[in-house]
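I have placed the structure first, in the form of structure tokens, so that the comments after it can refer back to it.
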Amino acid sequence: MKCQWDGGWVGCPNDAMDGGRFCQSHTGKRCVSCGNEAVRSCGETGFLVCGADLCESCIHTSGGRHGNSVGGDDSDAKLDALSVLLVGKTLSDACVLCRRAEMSIRAVKVDGKALIVTCDYVPSRVNVVMRGDVIESVESIG
């Protein structure tokens, strides 16, 4: 019998250990939220796949946390992930990272001055605040 681990986006190709549900590498994993037996990896995506070990009842909630109740949309988690990756980078370095993720980037404020921007919503666009040529914060997505 194959390992029953749900890898978020792909299952495990390994055989389960004798008499168990999981292979050796997935046996004994614990949920990052409640400590119960983990059965899957969190498949939530922001800039990257989360990958946290979860039990059957816990979910990915807003802000990148995990729990057993829905916490609204995951826009906070996406902003957190993008902030970790982009803050402190130059605009040119951030553009390279965003292109790899099929996203665009635009500065909405530079050196404390707000820029004139369009009022359209583009879900694959990251709006950043700059200090010189360095990203100071990620303001929003869209």
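Could you check how many residues of region 1-58 are closer than 17 Å to residue 81 by Cβ and hydrophobic (A, V, I, L, M, F, W, C)? Before you say what the answer is, go through the steps one by one.
Initial filter on region 1-58 (closer than 17 Å to residue 81 by Cβ): 8-9, 32, 41-52.
After this cut, where a residue has to be hydrophobic (A, V, I, L, M, F, W, C) as well, the list is 9, 32, 42, 47-50, 52.
Total meeting the criteria: 8.
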- Task: Report yes if residue 109 is over 10 Å from residue 138 (Cα atoms), surrounded by 13 or more Cβ atoms within 10 Å (Cβ to Cβ) and either modelled with pLDDT of 85 or more or over 15 Å from the mean Cα position of the chain (by Cα) (or both), otherwise no.
- Result: yes
- So which residues in region 106-127 are closer than 19 Å to residue 78 by Cα and touching a Lys or Arg at 6+ places or on another chain (Cβ under 7 Å), if there are any at all? 106, 125, 127
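Name the residues in region 1-45 that are hydroxyl-bearing (Ser, Thr, Tyr) and either in contact (Cβ under 8 Å) with a residue 24 or more places away in the chain or closer than 17 Å to residue 55 by Cβ (or both), would you?
Residues of region 1-45 hydroxyl-bearing (Ser, Thr, Tyr): 25, 27, 33, 41, 45.
Within region 1-45, 27, 33, 41 meet the criteria.
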- Among (1) under 26 Å from residue 101 (Cβ atoms); (2) crowded, with 16+ Cβ neighbours inside 10 Å; (3) not hydrophobic (A, V, I, L, M, F, W, C), where does residue 11 come up short? (2)
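Restricting attention to region 108-142, which residues are part of a loop (DSSP other than H, G, I, E, B) and touching a Leu at 6+ places or on another chain (Cβ under 8 Å)?
Keep residues of region 108-142 that are part of a loop (DSSP other than H, G, I, E, B), which gives 111-112, 115-124, 132-133, 142.
Result: 133, single match.
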- Failed criterion for residue 40 (all others in (1) within 19 Å of residue 9 (Cβ to Cβ); (2) exposed (fewer than 15 other Cβ atoms within 10 Å of the Cβ); (3) modelled with pLDDT of 80 or more hold): (2)
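Mind telling me which of the residues 66, 26 ends up being more than 20 Å from residue 140 (Cα to Cα), at pLDDT below 75, surrounded by 15 or more Cβ atoms within 10 Å (Cβ to Cβ) and not aliphatic (A, V, I, L, M)? Step through it out loud before you land on a result.
Numbers: 26 fails: at pLDDT below 75.
One residue alone meets the criteria, 66.
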- So, in region 120-138, of the ones that are surrounded by fewer than 14 Cβ atoms within 10 Å (Cβ to Cβ) and under 15 Å from residue 101 (Cβ atoms), which residue ends up farthest from the chain's Cα centre (by Cα)? 122
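The values are calculated or read from the model by the stated rules, or taken from the named source; none is laboratory data. All values derive from a computational prediction rather than experimental measurement. Cβ coordinates were reconstructed from backbone atoms using ideal geometry, including for glycine residues, and neighbour counts include every protein chain displayed.
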